[in-house]
1. Condition first: crowded, with 19+ Cβ neighbours inside 10 Å and either outside the structural domain of residue 310 (by TED's automatic domain parsing) or not hydroxyl-bearing (Ser, Thr, Tyr) (or both). Now tell me which residues in the range 228-239 satisfy that.
2. Kindly indicate which of 41, 5, 54 is without any contact (Cβ under 8 Å) to a residue 24 or more places away in the chain and more than 13 Å from ligand 1 (Cβ to nearest atom).
3. Would you check if there is a residue in the range 314-324 being within 16 Å of ligand 1 (Cβ to nearest atom) and in contact with a Cys (Cβ under 7 Å, 6 or more places away or on another chain)?
4. Mind checking whether some residue in the range 251-271 is among the β-branched types (Val, Ile, Thr) and more than 16 Å from ligand 2 (Cβ to nearest atom)?
5. If you go through the range 38-54 one residue at a time, how many are in a loop (DSSP other than H, G, I, E, B) and surrounded by fewer than 19 Cβ atoms within 10 Å (Cβ to Cβ)?
6. Could you please tell me which pairs satisfy a Cβ distance under 9 Å, a separation of 6+ or placement on different chains, a first residue in the range 313-330 that is closer than 16 Å to residue 342 by Cα, and a second residue that is in a loop (DSSP other than H, G, I, E, B) and basic (Lys, Arg)?
7. Sort through 285, 267 and tell me the only one that's within 16 Å of ligand 1 (Cβ to nearest atom) and in a loop (DSSP other than H, G, I, E, B).
8. With the structure loaded, tell me whether residue 238 is within 16 Å of ligand 2 (Cβ to nearest atom) and under 26 Å from residue 64 (Cβ atoms) or whether it fails that test.
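The values are calculated or read from the model by the stated rules, or taken from the named source; none is laboratory data. Because the structure is a prediction, the values reported are computed rather than measured. We place every Cβ from the backbone using ideal geometry, glycine too, and count neighbours over all the protein chains shown.
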Amino acid sequence: MRITGVALRWVRLPLVTPFRTSVYTEYDREVLLVQVCTAAGVTGWGECVAMRGGIYSPESIESAEEVLRTTLIPLVTDRDDVTAESAKTSFAEVDGNPMAKAALEMALLDAQLRERRTSLARYFHVKRPQVPAGVSVGIMGMDELRAAVLQYASQEYQRIKIKIKPGWDVEPVRMIRKMLGHQMAVQVDGNGAYTLDEAKKLTELEEYGLVMIEQPLAAHDLEGHAELAAYLNTPICLDEPITCKADAIEAIKLGAADIINIKPGRVGGYLEARDIHDVCGERGVPVWVGGMLETGLGRAANVALAALEHFELVGDLSASERFFTRDITEPIVMHKGFIPVPTGDGIGVVPHPKILDEVTERQDLVFG
Ligand code: OSB
Ligand code: MG
């Protein structure tokens, strides 16, 4: 595949309600999109999951844009023949920046699958036609949380994850169990807000039968997570520190992760995400697909990835309307607790040109 054009677009989508974690509150999803045009006349789209100002990870939208412009885009436009796989190999020479790499790799993968007239789902050889839907709920007041959880449960989401922090953990979980009973799968995500001592108080959560506690301690405290995993019966899941396959292998070896959250954007792309899925499968470590408030583009691709056989736990895979009144693609929808795996070429969806223009704050043709 020969690249004839690469453009970057800075988009801002208002969120239906603010999304609050232990670290930050998001009101809009600002997102960097990568558009790749090929000599065969197809367009591929990639979505960068980095957030403004480097919240959640060392990368930010700003840093990703810079690395894409100066380093990654030139690596793929300098050649006559490029694929997502060959790009991944050349990106390995660039240190870090998995979210920037993932965005360009996704655009290339979408374009190459469109050229071959096949879908991401077929590329992954997935068999499942749909995946169970799970929802991530931010930190909010108790009444608000009660209403939100009731709404998601009535919409038939199969799993609810709530964000927690010290002082906001046992009470909301107790409330949810009281309201929904023990049938609903419930899990919590600390986004690194706890110290090891504070986290030991999370034994109070054990009686509520949580599926897991995600990232209670600081991102790179693998030893602390290993200690906590040995101390608690509730499984410990890692999110933030897993940026590649080697990180996953290391975390498992140290006993720091009973479960791993695989976010394609955070690990450098869909190809690495599949590899992590495979190594976790070989090691008997359960995995699930995490979300980063993706637009329909990343959301569609995440659903295809989640159809891989070892993704046995319900992911952060929700309908577009969970976050956006109006998505840039045809909305991703949920039917009776499941999201259908897209079957169209490439990632299976494209941005709606008019909507995309309306939400684009700036754009730049970087190559071509
Ligand atoms: O920690 O899983 C996280 C969203 C943005 C940044 C970090 C996280 C999240 C989520 C996923 O909780 C939300 C979603 O996309 O469904
Ligand atoms: Mg998380």
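1. Of all residues in the range 228-239, those crowded, with 19+ Cβ neighbours inside 10 Å come to 228-229, 232, 234, 236-239.
Listed by number, the residues that qualify are 228, 229, 232, 236, 237, 238, 239.
2. Numbers: 5 fails: without any contact (Cβ under 8 Å) to a residue 24 or more places away in the chain; 54 fails: more than 13 Å from ligand 1 (Cβ to nearest atom).
Matching residue, one of 41, 5, 54: 41.
3. The initial filter retains those residues of the range 314-324 that are within 16 Å of ligand 1 (Cβ to nearest atom), namely 314-324.
With in contact with a Cys (Cβ under 7 Å, 6 or more places away or on another chain) added as a condition, the list becomes none.
No, because not a single residue in the range 314-324 is within 16 Å of ligand 1 (Cβ to nearest atom) and in contact with a Cys (Cβ under 7 Å, 6 or more places away or on another chain).
4. yes
5. We begin by selecting, within the range 38-54, every residue in a loop (DSSP other than H, G, I, E, B); these are 39-42, 49-50.
Those left that are additionally surrounded by fewer than 19 Cβ atoms within 10 Å (Cβ to Cβ): 39-41.
Summing the residues that are in a loop (DSSP other than H, G, I, E, B) and surrounded by fewer than 19 Cβ atoms within 10 Å (Cβ to Cβ) in the range 38-54 gives 3.
6. 320/326
7. Numbers: 285 fails: within 16 Å of ligand 1 (Cβ to nearest atom).
Within the list 285, 267, the selection yields 267.
8. On the way: within 16 Å of ligand 2 (Cβ to nearest atom): yes; under 26 Å from residue 64 (Cβ atoms): yes.
So residue 238 passes the test.
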